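Quick notes on the structure that follows.
Every number in this text was worked out from the coordinates using simple rules, so none of it is lab data. Computed from a prediction, not measured in an experiment: that's the story for all the values here. When we count neighbours, we look across all protein chains shown, and the Cβ atoms used for this are built from the backbone with ideal geometry, even at glycine.
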Amino acid sequence: MTVQIEKQMSGNCKDMEHDSYSCVQCGYCSSCCEVSFISKDSPRKVIRYLQRNDMEGAVMSPFLMLCKQCQTCSLICPQNVDIAQIMRELVLNRFLTY
Amino acid sequence: MISMEKIAPKIGLYIYDPAETIAGSIDLQAVLEKCAKIRQVEICETVSEPASETFLDSVKDAVTSAQIDRVIWAGRFTSHQRKLLESSLTEAGLNQYLCEWCDLELQGIGKSSGSAKEQQNKAMTLIKMAVARVKLLMPLTPQEIPSSDTAVVVGGGISGLHAAASLLERGKEVHLVERQSGVGGKVALLSRFYPLQCDPHCGLEYVLKTLRKSDRLTVHALSRPLAVEGTAGNFSVTVLSQPRYVDAERCNGCGHCTEVCPVDQPVILDAVQDEKPFRQTNGIGVMIKETRKAVHQAIPYAFPETYVVDRHACPPDCRKCEKACPTQAIDLDQQPVEKAITAGAVVAATGWDPYPLSKLSDYLGYGNIAYVIGNLEMEQLLRRITRGVTDLTTPPVNSLNNVGFVQCAGSRNTQHLSYCSSVCCSATLKQIQQLKSLRLEAKCVVFYQDIRCNGFEEDLYRQVKELDGVLFVRGFPKVKTSEAENCVSVIAEDTFSGRKVEIDLDLLVLAGGMQPSEAGSEFADVTGLPLNPHGFFTGHYQCYPEESQRTGIFTGGCARGPMNVSQSIESASRGAIKALDFLEGSITIKPTFPVVDKTKCDECKRCVEECPYACYYFDAKGFPEPDLTKCRQCGNCMGVCPVGAISINHLTVKQLAAQIEMLETSFLDEDSPIVLAFLCENDAYIAATSAIDSGLNFPINVIYLQVPCAGAVNNAMVADALSLGVDGVFIGGCQDGQCHYIKGNVQVRKRSGDLRDKLTSMMIEPERVRSESIEIQDTERLVQVLNEYINDLKELGPNPFKI
């Protein structure tokens, strides 16, 4: 039962075929990201929006405009979440939807 | 003793039905009358008080007067009654394997569905099956295999020392094989233990007391095992020892040699795998260098007490120590020695190695940014500060104002160590406690993911949180070279507030993880033992964590996985206790082992392949032979043998065939399918008996036999049963991954291809065979599965071979 609920929470993520659900919110991506502290959001926070099913929060995050796709976050993520790919898709989502 | 020469068997059949469960459902009297008429059943009676003196005496008399020479007990006896009956029969001289216990109630008589007539027919069939089996029973005696009382313990760390101590205290002889020049392992490098902040040397000395006063201990230092041959009780362990260049009998530890030694060489601590553990960056950096002479006390702990010379460090032609030694103990011409040790058991306590932190240098800066050290180096630093060492290589304690710790450095990371290293959180907290005791003003920051302090270690966490000047930041940091001097810069996102944390630190300690030791991997190669996916030794993790795939070789301590000192000690003790079974001078083998009929064997070697314990070897003529010390008597060999050449004593192919033949497939009417079920003794059988006991409507159609493992079921048995008219054969085994014999349940399924071919050629539908995984409590599911199966069989129609 618990698994169902949690999966529902990251339901929107299914469109993106990525597992933001694996993220344990360790903050490694934020610490390695060169642009993470410029806006109010960090890569970790954007993934957190997705985990909370807050698609709008994720897509409208100011961090997305700063991400330069350096891939460092994806490379160091201890849970192998492809963060850079998620950012890329969110940006696309933003331009297509909003 | 009753002679078993070609005399027809004489069976005593006793039925015990105190609650009249059986008598209430069937005409027990009629059944008894019929049974008494079965050939070779000499006594057939009901029992009212099995534990009474009169009854016991009557049974004993029946045996001693040769009226009967084997017994069937049919009924629900308490274990107390069972023991009394068994001991009485033994007193009367009856071999315990000529005594059969069967329980009609557990097969559903009086407790399952079906009319009285059906139950009565089934009861008759069950008794006839038992009689057929018992006629073929043979007396059996356990085998004794002589074994050594010597144990070899591989690894002289805290685990190995405790294993050795436990064995020495039981009077066994122990050979301790350690690759360094002294014992102590990683524990000797630590500054303190948690939670009491006690000195590891104290713990080491305590266990060494037992070792020091024993005259049954041989320590092989600078040694490694090259081979472990033989089997439990009789291993031959080949040990190669490098020379110490010091005579153990002459060296008294006076240390004059070190005073004249011209060499000062850095200690490459066993703790780190990098060649240059303490890197310098632009000439600035934390350098924690210990140096020693070429001739020195044993490392890491001075036991054995004999000194040792590191010949690689000696200048050419220098023999100063040799000349200076007042007892002429130094012998620079010593050679390596190879020795074979006979042992009954081996305990592997090969410990762990630190995960190389240089693999994290990209983001944690180890090796290229100054002031970043690992947790073992921090131990060394704390140790030196505590001892008041003030040299250029140890930073003065009052320079440590801001110290950071990074948890999960390399652990819980799919790209490094995917598991949690278990001790690093408590170790860091312990280091903070010690640091604060040395310098109260020091401020500490812990960058963590989760603080994992299990059990009472939580107290340690609370104590440290209550200290002034200790900050916990949840977020993984990035380490950078600082712009300021003599410090290192760290940034992290505090994942709770979302804010950036940026701080300059005098020292950053990476709480690195534990990986399997190189010595352990080497030992796995030498012994052929399998490792788990993380590279640690693995047994049956839940129930028998100390076992390895080779009977008689046990493991203990961090060789099995990350654990703290107390856990290592307990783990090693478990290994030692289990090793004792093989050190008692002889090993008793239960007589229910497999026997190969070499007149039938065609050397196809399938038994060799399928034995989950790899216990088969080849005899002089090339026939397979089981090593009885390794054999777990699971029956997989019997199950796979395509020519039926292997039988387990007391569950032979003939005995099973006789039982199956007696199964009267007419005990139910034509439309009701008859199912013969083979259930494994560890899970499926218990599920069946529980199902019946709990009053679930167990189908009357099923007659089940207990086998040690589903893998013991031979295709020929299945085909026979079907050719004799049984409508379906059901095989119940454990769930995948839970088979008590590792893979028996999987192996029986693998044979289904062959079985399918065989049945098709016999014009029998392969769908009549079903195999299922049944867990021990799957009582309802078992009944449901059987009912569905019986329905499927009804649709398939009766077996054409059925009479």
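What is the set of long-range amide H partners of A:Gln79 at a cut-off below 5 Å, with H atoms built 1.01 Å from backbone N?
Residues meeting the amide H criterion: B:Thr414.
Past 23 Å, Cα to Cα: identify those pairs from B:Lys621/B:Lys654; B:Lys172/B:Lys339; B:Lys172/B:Lys209; B:Lys172/B:Lys213, in the order given. Display every interim value, and only then the final one.
Working: B:Lys621/B:Lys654 26 Å; B:Lys172/B:Lys339 19 Å; B:Lys172/B:Lys209 16 Å; B:Lys172/B:Lys213 14 Å.
Too far apart for the 23 Å limit: B:Lys621/B:Lys654.
Would you mind putting B:543-549, B:197-203, B:161-167 in packing order, based on average other-beta-carbon counts within 10 Å, highest first?
So the order, starting with the most tightly packed, is B:161-167, B:543-549, B:197-203.
Among the DSSP beta bridges whose two residues both lie in chain B, what percent are antiparallel, rounded to the nearest 5?
Roughly 45 percent of the DSSP beta bridges within chain B come out antiparallel.
Test of understanding: ordering B:Tyr307, B:Tyr355 by Cβ neighbours within 10 Å, fewest first, what list do you get? Spell out each step's value before the answer.
Numbers: B:Tyr307 29, B:Tyr355 22.
If I rank by nearby Cβ atoms, fewest first, I get B:Tyr355, B:Tyr307.
Kindly provide the GluC sites (Glu not before Pro) of region B:428-459 that DSSP labels as loop, not H, G, I, E or B, and whose Cβ sees at most 14 other Cβ atoms within 10 Å. Don't jump to the answer; show the numbers that get you there.
Details: sites: B:Glu441, B:Glu457, B:Glu458; in loops: B:Glu441.
Qualifying residues, ordered by number: B:Glu441.
Given all pairs of different Cα atoms, what value in angstroms does the Kirkwood hydrodynamic radius of region B:1-141 take?
Computed over Cα pairs of region B:1-141, the Kirkwood hydrodynamic radius comes out at 15.3 Å.
Listed highest first by mean packing, meaning other Cβ atoms within 10 Å per residue, what order do B:561-569, B:152-160, B:333-341 come in?
Values: B:561-569: 20.3, B:152-160: 31.3, B:333-341: 12.7.
Those peptides, ordered most packed to least, come out B:152-160, B:561-569, B:333-341.
Under 21 Å Cα-Cα from A:Lys45, which lysines qualify once same-chain neighbours fewer than 8 residues away are excluded?
List returned: A:Lys7, A:Lys14, A:Lys68, B:Lys478, B:Lys500.
At 222 nm, what value in deg cm²/dmol follows for the protein assembly as shown if DSSP H runs of at least 4 each add -39500 (n - 2.57) and the sum is divided by all its residues, to the nearest 500? Each step should come with its number before you reach the end.
Numbers: 29 runs with 281 residues, N = 901.
Helices in the protein assembly as shown give a 222 nm mean residue ellipticity of -9000 deg cm²/dmol.
Let me confirm one metric for peptide A:71-81, namely the mean number of other chain beta-carbon atoms within 10 Å of its residues' beta-carbons.
That average works out to 3.
Select from region B:36-90 those trypsin sites (Lys or Arg not before Pro) which occupy a DSSP coil region and have at most 10 other Cβ atoms within 10 Å, ordered by residue number. Walk me through the numbers before you get to the answer.
Values: sites: B:Lys37, B:Arg39, B:Lys60, B:Arg70, B:Arg76, B:Arg82, B:Lys83; in loops: B:Lys37, B:Arg39, B:Arg76.
Answer by residue number: B:Lys37, B:Arg39.
Which shape class, rounded, prolate or oblate, goes with the protein assembly as shown when its Cα gyration tensor gives a ≥ b ≥ c as root eigenvalues, a/c under 1.5 marks rounded, and past that a/b bigger than b/c marks prolate? Can you show the working numbers first?
Details: a/c = 2.80, a/b = 1.58, b/c = 1.77.
In terms of gyration-tensor shape, oblate.
Within 10 Å, count the other beta carbons around each residue, average over each peptide in B:616-624, B:445-453, and list them highest first. Each step should come with its number before you reach the end.
Values: B:616-624: 13.3, B:445-453: 20.8.
Packing order, densest peptide first, comes out as B:445-453, B:616-624.
With each pseudo-label sitting 7 Å past Cα toward Cβ, what's the B:Glu49-B:Glu249 distance in nm, one decimal?
Distance between the two pseudo-spin positions: 7.4 nm.
Count neighbours as other Cβ atoms within 10 Å of each site's Cβ, and list the trypsin sites (Lys or Arg not before Pro) in region B:115-161 that are DSSP loop with at most 14 such neighbours. Spell out each step's value before the answer.
On the way: sites: B:Lys117, B:Lys122, B:Lys128, B:Arg133, B:Lys135; in loops: none.
Nothing satisfies the criteria.
In this model, which of B:Lys359/B:Lys480; B:Lys60/B:Lys122; B:Lys122/B:Lys630; B:Lys37/B:Lys600 are farther than 28 Å apart at the alpha-carbon?
On the way: B:Lys359/B:Lys480 16 Å; B:Lys60/B:Lys122 30 Å; B:Lys122/B:Lys630 40 Å; B:Lys37/B:Lys600 37 Å.
Going by Cα-Cα distance, B:Lys60/B:Lys122; B:Lys122/B:Lys630; B:Lys37/B:Lys600 fall outside the 28 Å limit.
Taking square-rooted eigenvalues a ≥ b ≥ c of the alpha carbon gyration tensor, is region B:652-803 rounded, prolate or oblate, where a/c under 1.5 means rounded and, failing that, a/b exceeding b/c means prolate? Write down the numbers at each step before the final one.
Details: a/c = 1.60, a/b = 1.16, b/c = 1.38.
Verdict is oblate for region B:652-803.
Counting only other chains, and only Cβ atoms inside 10 Å, what mean value do you get across the residues of A:42-49?
Values: counts 6, 1, 5, 3, 0, 0, 2, 0.
The mean count of partner-chain Cβ atoms within 10 Å per residue comes to 2.
Assign one of three labels to chain B, namely rounded, prolate or oblate, based on the Cα gyration tensor with a ≥ b ≥ c the square roots of its eigenvalues; rounded applies when a/c is under 1.5, prolate when it is not and a/b is larger than b/c, and oblate otherwise.
On the way: a/c = 2.82, a/b = 2.03, b/c = 1.39.
Since a/c reaches 1.5 and a/b is larger than b/c, the shape of chain B is classed as prolate.
Can you list residues from other chains, or at least 5 along the same chain, whose modelled amide H is less than 5 Å from the amide H of B:Phe678?
B:Leu705, B:Phe730, B:Ile731, B:Gly732
Take the Cβ-Cβ distance between B:Leu531 and B:Leu32 as r, set R0 to 51 Å, and report the resulting FRET efficiency rounded to the nearest 0.05.
Working: r = 59 Å, r/R0 = 1.16.
Rounded to the nearest 0.05, the efficiency is 0.30.
Quick one: Karplus J couplings for region B:417-434, per residue in order, coefficients 6.51, -1.76, 1.60, θ = phi - 60°, nearest Hz, x for Gly and Pro?
Whole-Hz 3J(HN,Hα) from phi for region B:417-434: 9, 7, 9, 8, 7, 6, 10, 5, 5, 5, 5, 5, 4, 5, 5, 5, 4, 5.
Can you give the FRET efficiency to the nearest 0.05 for B:Glu259 and B:Ile7, using r as the Cβ-Cβ distance and R₀ = 60 Å?
Numbers: r = 87 Å, r/R0 = 1.44.
Once the sixth-power term is evaluated, E becomes 0.10.
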